[in-house]
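Visitor: Input: one structure, supplied below.
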Amino acid sequence: MQLIPTQGMPLRRSLWLPILAMGVVAIALVLVTAHIYRDLTIENRRQAIQQVIQIKSGELLLKLADDSRSLASEIQRKPDFRNAVDQADQAVVAGHLEEQFHRYFNTAGVIRLRKLYVLDRNYHLLAESSQQLGGGGLGKVCVAMLDQARHRSGAHHLKTISGLCAANGTALFATLAPIGSLQLHGFIMVITEPSQNLAAIGRELGMPVKIVSSNGGVLFQSPNWPAARDQTEVIIAEYPLKADTGETVLTVALANDIHVLERELLRARNGVLTAAGIATALVALLTLFGLQRSLLNPLHRLLQKMQGLERDRKHLGEQVAVTGNREIRSLAQAFNQMTTELGSLYGKLEEMAFRDSLTGLPNRSLLNEHMGQMINQCNRENARFALLIMDLDRFKQINDSLGHPVGDSVLQQVAARLNEILRQGDVFSRLGGDEFAALLPIANGIDDTLPLVKRLLSAMGKPIVVEQNALHVGISIGIAIYPDDGAQREDLMRHADVAMYHAKHNQRGFSFYDHTLDKNSLALLTLEAELLQALTEETLQVYFQPKIAVATGEICGAEALLRWHHPQRGWVGPDEFIPIAEDTGLIAPLTYWVLDRSLAHCGDWLREGRLINLAVNLSARCLHDEALPLEVRKLLDKHAVPPEQLTLEITENVIMHDAKRAHSILVQLDAMGISISVDDFGTGHSSLAYLKRLPVDEIKIDKSFVLEVMNNPSDATIVRATVELGHNLGLRVVAEGVETEEIFNYLKQLNCDVSQGYFHGRPMTPEQFSEILRPVQA
Amino acid sequence: MTHVMKCVLLIFLSVFNAGAFAEPIVPVPEQIPGAKRVDAETVIEVAGRLKNLVIVDSRIPDDRKIGYIEHSISLPDAKTNCKSLAKIIPGKSTPVLFYCNGVKCGRSVVATKIALQCGYKNIYWFRGGFEEWKSKEYPFLHE
């Protein structure tokens, strides 16, 4: 449970709140303490007054007792009184009492005499003064005291005793004094009313006094006794006075004005409150000041740095000052470490994003950026620049025949060589593959660029040496000028490209863009676009060429072949468009398209009970596509064709030169149950040992050997050796280019497994193939 | 020689102190051989038992004005001798009680010793005297 909701609140406020809360609690504590203190003080005052009443009333009653004894002493002083007592002469005694009573009652004033009794030595009433005491008779007044006196022993009967006693709702004070000193003659009992004497407490202490009897009757009340409604501002302290029996006889109450006390208490409380408030405020300010220095400021600096990073990554690696609490310091240290690491990481990423990893040259993205800047600069300065697009000639052949490592090395050397010729301020970039580009600011005119272009061409005239092979790598350069040949980056690129294509054909090695070029070059260029279009417009078709099992002479399979019927150009051979597709990345969709269509037909035939093995050619580029096995699997599933019915054909060159990359994909395909066939076997430089390690199921002898097998003995030897070799490796052997029965019979002799060629059938439409395929058996 | 010195010192101190306290300094013993020491209660008991008890107040008349024990006869110690005693005590074996102000007052001691010398046999000495009587709240009379 969260006492103070501080979620999402600024740190400073979330600190303020608890401090404020503590302040409020402190002041509340002061108030409560002040209240308790006030109550305690008033209670103490009340108790003190009670103690004073106790002491004072004790003193006053002692005085009253003394006065009563003096009176008793005075009464018995006359010998005839004592004699009358001894002789029990009631009349005389009563006469004495009457006389003394009036004398004392009238004159003394110090005591309020109510009654006098004389008792004989056995405590029997002998005589009494005539005043009425309400209840009458001795038997009813202060009985307990008399009883107590009667039960004393020996000399104790001579002692005077006195005490309070209640009689008939009024409070009396009785003193029993012996008559005689050494010898006991009887007793005088002096009954007085104590309230008047006790009222002296009020006078002495300067407080109003009120004396109340046991039954609530007011015995005395000062004139200035506070009225009931004023009693909130006074303390009433009451003290009960008791008889020896423990019975309360009367209660003395004093009223103490606490106006002054209250005022003092209030002043004290206000003082403490002010002090507490100031202390709280001081502590809060000090705490905040400390927190500001140790927590808030460093946090703020960190936050600012972070926000700076958010705005601009260039701040990565900048350090923040390490100050504040230990936690904040570790946070700042961690931040510094993180920003340093991120900075270097970001640098690497930038390098990776904008640099070509092979040559270290800027890539297409960076070139575009530079071109954008250059366009802006030229617009400002009314200047021009040239965009050169350079493409290596015959690079594909180098790559295909000597392998990618050699190709890579060639690219690196070319990059270095061209870079040497370019000037400071020129931007040189590798666009990808064997394509380079350069941005050249032009000082005077277009002719400025020509010498440089010629130097570039002549630099490439010298052979490039890789692994002791001297390779002649030509270069074709297309040049477009900004802003003459295009105001937009894209236009400029396209026009430089067109010029480059033109250069490939004009034998000069370079070409400036000219809008008349467009028509021609676009024809070549558009082939790519049209191919893409063909994929969607169905001008492509799959043809099937039958494959015959040599042993039985029956159709055992078919090779799917792509035919493009161009609406304007007519039939376009695969030799024309496949390289374009490979160069432009269209090869993957094209391959999948062929697979999809041929598997669709294959699936139909399978469901009709006509089992054939379908062979589809895979381009070298396809083996770089990690998604290939998954895509093939999807298509197999789509058309319900078991993988065993599919053979994928890869040319020997691809397998040998790109074996490492191809290997994992081939293994995956093999694991699925798909057969792998090596196409054009015999034209490359196969290493048999290598072949053995690959998951290959079939080799296809190149048709150049098979066509001449009957006329050329060396070809016949090659074919025979290849069949034997294949069988020894446990591979199926297919012969391509079988055009005559003679050749077919020869293959039969060699125990070649499968035969394919015009003798058995040309590539044909699915419908035609379906017709020659053995019909479903009833 | 030492005896003379002591006497001189004693007289000197007596004269000096008399001026200050108007009370002779006499060392009050715990007991007086030959006399029975009693307290207030015993006084009352003896007075009740022996009807012929003579109570002698050895104080000067001024002190007696504060109050006196009933039936006591005033005979200050300075006036106490065999002759004055004989006037108030019927016989040598009559019970007789001496008291004065209290333990600091030596008058009853002096009177008791004189009475012993005079040959009285039945002497009670109330050592606490009037102070004890009063403090125990026993009744006394005023002249």
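Visitor: Could you please let me know if B:I66 is within 14 Å of chain A (Cβ to nearest Cβ), out of contact with any Asp or Glu (no Cβ under 6 Å at 6 or more places or on another chain) and of a type outside the set (G, A, S)?
Guide: Taking the combined requirement at face value, the residue satisfies it.
Visitor: For region A:110-125, enumerate the residues that are modelled with pLDDT of 85 or more, surrounded by fewer than 22 Cβ atoms within 10 Å (Cβ to Cβ) and either touching a helix residue (DSSP H, G or I) at 6+ places or on another chain (Cβ under 6 Å) or of a type in the set (G, A, S) (or both).
Guide: Listed by number, the residues that qualify are A:Y123, A:L125.
Visitor: Also, I was wondering about something else. Could you please find all residues in region A:210-235 being out of contact with any Lys or Arg (no Cβ under 8 Å at 6 or more places or on another chain), surrounded by 15 or more Cβ atoms within 10 Å (Cβ to Cβ) and under 25 Å from A:N44 (Cβ atoms)? Before you say what the answer is, go through the steps one by one.
Guide: The initial filter retains those residues of region A:210-235 that are out of contact with any Lys or Arg (no Cβ under 8 Å at 6 or more places or on another chain), namely A:210-217, A:219, A:223-224, A:226-234.
Next, from what is left, pick out any that are surrounded by 15 or more Cβ atoms within 10 Å (Cβ to Cβ): A:210-214, A:219, A:226, A:234.
A:K210, A:I211, A:V212, A:P226, A:V234, listed by residue number.
Visitor: For region A:559-672, which fully contained strands (runs of 3 or more DSSP E) count at least 2 residues that are in contact (Cβ under 8 Å) with a residue 60 or more places away in the chain? So that I can check it myself, show each step before the final result.
Guide: Values: elements: A:570-572, A:613-617, A:646-651.
By residue number, A:613-617, A:646-651.
Visitor: Select, from A:V410, A:V453, the only residue that is closer than 26 Å to A:R489 by Cα and crowded, with 21+ Cβ neighbours inside 10 Å. Give the derivation first.
Guide: Numbers: A:V410 fails: closer than 26 Å to A:R489 by Cα.
Only one candidate qualifies: A:V453.
Visitor: May I pose another question? Looking at (1) within 14 Å of chain A (Cβ to nearest Cβ); (2) surrounded by fewer than 20 Cβ atoms within 10 Å (Cβ to Cβ); (3) over 15 Å from the mean Cα position of the chain (by Cα); (4) hydrophobic (A, V, I, L, M, F, W, C), which is the one condition that is false for B:A86?
Guide: (1)
Visitor: Follow-up. Give the residues of region B:59-70 that are crowded, with 16+ Cβ neighbours inside 10 Å and not in a helix (DSSP H, G or I), sorted by residue number.
Guide: Within region B:59-70, B:R59, B:I60, B:G67, B:Y68, B:I69, B:E70 qualify.
Visitor: Please count how many residues of region A:700-715 are surrounded by 13 or more Cβ atoms within 10 Å (Cβ to Cβ), of a type outside the set (D, E, K, R) and over 20 Å from A:E652 (Cα atoms). I'd like the intermediate steps shown before the answer.
Guide: If we filter region A:700-715 for residues that are surrounded by 13 or more Cβ atoms within 10 Å (Cβ to Cβ), which is where we start, we get A:700-710, A:712, A:715.
Imposing the further condition that a residue be of a type outside the set (D, E, K, R) reduces the set to A:701, A:704-707, A:709-710, A:712.
Now narrow it down to the ones that are over 20 Å from A:E652 (Cα atoms): A:709-710, A:712.
The number of residues fulfilling the criteria is 3.
Visitor: Look at region A:156-203 and say how many of its residues are assigned to a loop (DSSP other than H, G, I, E, B), among the charged types (D, E, K, R) and away from chain B (no Cβ under 13 Å). Working first, answer last.
Guide: Of all residues in region A:156-203, those assigned to a loop (DSSP other than H, G, I, E, B) come to A:159-160, A:168-169, A:180-185, A:193-194, A:199.
Remaining after also requiring among the charged types (D, E, K, R): A:159, A:193.
Subsequent filtering for residues that are away from chain B (no Cβ under 13 Å) retains A:193.
Total satisfying the criteria: 1.
Visitor: So B:K51 clears everything in (1) out of contact with any helix residue (DSSP H, G or I) (no Cβ under 9 Å at 6 or more places or on another chain); (2) within 12 Å of chain A (Cβ to nearest Cβ); (3) in a helix (DSSP H, G or I) except one condition, right? Which one?
Guide: All conditions pass for B:K51, except number (3).
Visitor: Here is a list of conditions, (1) in contact with a Lys or Arg (Cβ under 7 Å, 6 or more places away or on another chain); (2) within 13 Å of another protein chain (Cβ to nearest Cβ); (3) not β-branched (V, I, T), and B:R59 meets all of them except one; can you say which number that is?
Guide: Unmet for B:R59, out of (1) in contact with a Lys or Arg (Cβ under 7 Å, 6 or more places away or on another chain); (2) within 13 Å of another protein chain (Cβ to nearest Cβ); (3) not β-branched (V, I, T): (2).
Visitor: With the condition kept exactly as written, say whether any residue in region A:483-502 is of a type in the set (D, E), in a strand (DSSP E or B) and closer than 26 Å to A:F354 by Cα.
Guide: The answer is no, given that none of the residues of region A:483-502 is of a type in the set (D, E), in a strand (DSSP E or B) and closer than 26 Å to A:F354 by Cα.
Visitor: Now a separate question. Would you point out which residue out of A:L29, A:L64, A:L60, A:L20 is among the aliphatic types (A, V, I, L, M), modelled with pLDDT under 85 and in contact with a helix residue (DSSP H, G or I) (Cβ under 9 Å, 6 or more places away or on another chain)?
Guide: When all the criteria are applied, what remains is A:L20.
Visitor: Would you mind stating whether A:R597 is surrounded by fewer than 18 Cβ atoms within 10 Å (Cβ to Cβ) and among the basic types (K, R)?
Guide: For A:R597, the condition - surrounded by fewer than 18 Cβ atoms within 10 Å (Cβ to Cβ) and among the basic types (K, R) - is not met.
Visitor: Cβ-Cβ below 6 Å, separation at least six or inter-chain, first residue in region B:118-136 and in contact (Cβ under 8 Å) with a residue 40 or more places away in the chain and away from chain A (no Cβ under 14 Å), second of a type in the set (V, I, T) and assigned to a strand (DSSP E or B): which pairs?
Guide: Listed by first residue and then by second, the contacts come to B:I123/B:V96.
Visitor: Might you check whether a residue that is farther than 29 Å from A:L747 by Cβ, assigned to a strand (DSSP E or B) and touching a strand residue (DSSP E or B) at 6+ places or on another chain (Cβ under 6 Å) occurs anywhere in region A:528-544?
Guide: Looking for residues that are farther than 29 Å from A:L747 by Cβ, assigned to a strand (DSSP E or B) and touching a strand residue (DSSP E or B) at 6+ places or on another chain (Cβ under 6 Å), one finds at least one in region A:528-544, hence yes.
Visitor: Sticking with this one: Filter region A:456-473 down to residues that are surrounded by 14 or more Cβ atoms within 10 Å (Cβ to Cβ) and within 59 Å of the chain's Cα centre (by Cα) and give me whichever is nearest to A:H370 (Cα to Cα).
Guide: A:L456
Residue-by-condition table, conditions (1) out of contact with any Gly (no Cβ under 9 Å at 6 or more places or on another chain); (2) at pLDDT 90 or above:
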{"site": "B:K83", "(1), (2)": "yes, yes"}
{"site": "B:I88", "(1), (2)": "yes, yes"}
{"site": "B:T94", "(1), (2)": "yes, yes"}
{"site": "B:C100", "(1), (2)": "no, yes"}
{"site": "B:A111", "(1), (2)": "yes, yes"}
{"site": "B:Q117", "(1), (2)": "yes, yes"}
{"site": "B:R127", "(1), (2)": "no, yes"}
{"site": "B:E137", "(1), (2)": "yes, no"}
{"site": "B:E143", "(1), (2)": "no, no"}
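Conditions (1) in contact with a helix residue (DSSP H, G or I) (Cβ under 7 Å, 6 or more places away or on another chain); (2) surrounded by 13 or more Cβ atoms within 10 Å (Cβ to Cβ); (3) not in a helix (DSSP H, G or I), marked per residue:
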site	(1), (2), (3)
A:L241	yes, yes, yes
A:G271	no, no, no
A:L285	no, no, no
A:Q292	no, yes, no
A:P298	yes, yes, no
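Visitor: Does at least one position in region A:630-645 carry a residue that is touching a strand residue (DSSP E or B) at 6+ places or on another chain (Cβ under 8 Å), hydrophobic (A, V, I, L, M, F, W, C), buried (at least 16 other Cβ atoms within 10 Å of the Cβ) and more than 19 Å from A:V678 (Cα to Cα)?
Guide: Taking region A:630-645 and keeping what is touching a strand residue (DSSP E or B) at 6+ places or on another chain (Cβ under 8 Å), we get A:632, A:636, A:641, A:644-645.
From what is left, the residues that are hydrophobic (A, V, I, L, M, F, W, C) are A:632, A:636, A:641.
Restricting the remaining residues to those that are buried (at least 16 other Cβ atoms within 10 Å of the Cβ) gives A:632, A:636, A:641.
Next, only the ones that are more than 19 Å from A:V678 (Cα to Cα) stay: A:636, A:641.
Yes, the conditions are met somewhere in region A:630-645.
Visitor: Do you know which residues across region B:37-48 are facing another protein chain (nearest Cβ under 10 Å) and either in a strand (DSSP E or B) or hydroxyl-bearing (S, T, Y) (or both)?
Guide: B:T42
Visitor: Condition check: touching a residue at least 12 places away in the same chain (Cβ under 8 Å), surrounded by fewer than 19 Cβ atoms within 10 Å (Cβ to Cβ), small (G, A, S) and under 15 Å from A:M374 (Cα atoms). Does A:G433 satisfy that?
Guide: So A:G433 fails the test.
Visitor: Here are some residues: A:T339, A:T359. Which one is under 25 Å from A:L295 (Cα atoms) and surrounded by 12 or more Cβ atoms within 10 Å (Cβ to Cβ)?
Guide: The match here is A:T339.
Visitor: Please work out if A:L31 is in a helix (DSSP H, G or I), surrounded by fewer than 15 Cβ atoms within 10 Å (Cβ to Cβ), in contact with a Lys or Arg (Cβ under 8 Å, 6 or more places away or on another chain) and more than 14 Å from chain B (Cβ to nearest Cβ).
Guide: yes
Visitor: So for region A:147-155 (the condition being at pLDDT below 80, within 14 Å of another protein chain (Cβ to nearest Cβ) and not in a strand (DSSP E or B)), does at least one residue qualify?
Guide: yes
Visitor: Specify the residue that is farthest from the other protein chains (Cβ to nearest Cβ); the eligible residues are those in region A:58-78 that are closer than 20 Å to B:Y138 by Cβ and in a loop (DSSP other than H, G, I, E, B).
Guide: A:Q76
Visitor: Step by step: first the residues of region A:553-594, then only those that are more than 59 Å from the chain's Cα centre (by Cα) and among the small types (G, A, S), then the one that is surrounded by the most Cβ atoms within 10 Å (Cβ to Cβ). Which residue is that?
Guide: Applying the filter and picking the extreme gives A:A558.
The values are calculated or read from the model by the stated rules, or taken from the named source; none is laboratory data. It should be emphasised that the depicted structure is a prediction, and the values quoted were computed from it without experimental measurement. Note that we place each Cβ from the backbone using ideal geometry, even for glycine, and neighbour counts take in every protein chain shown.
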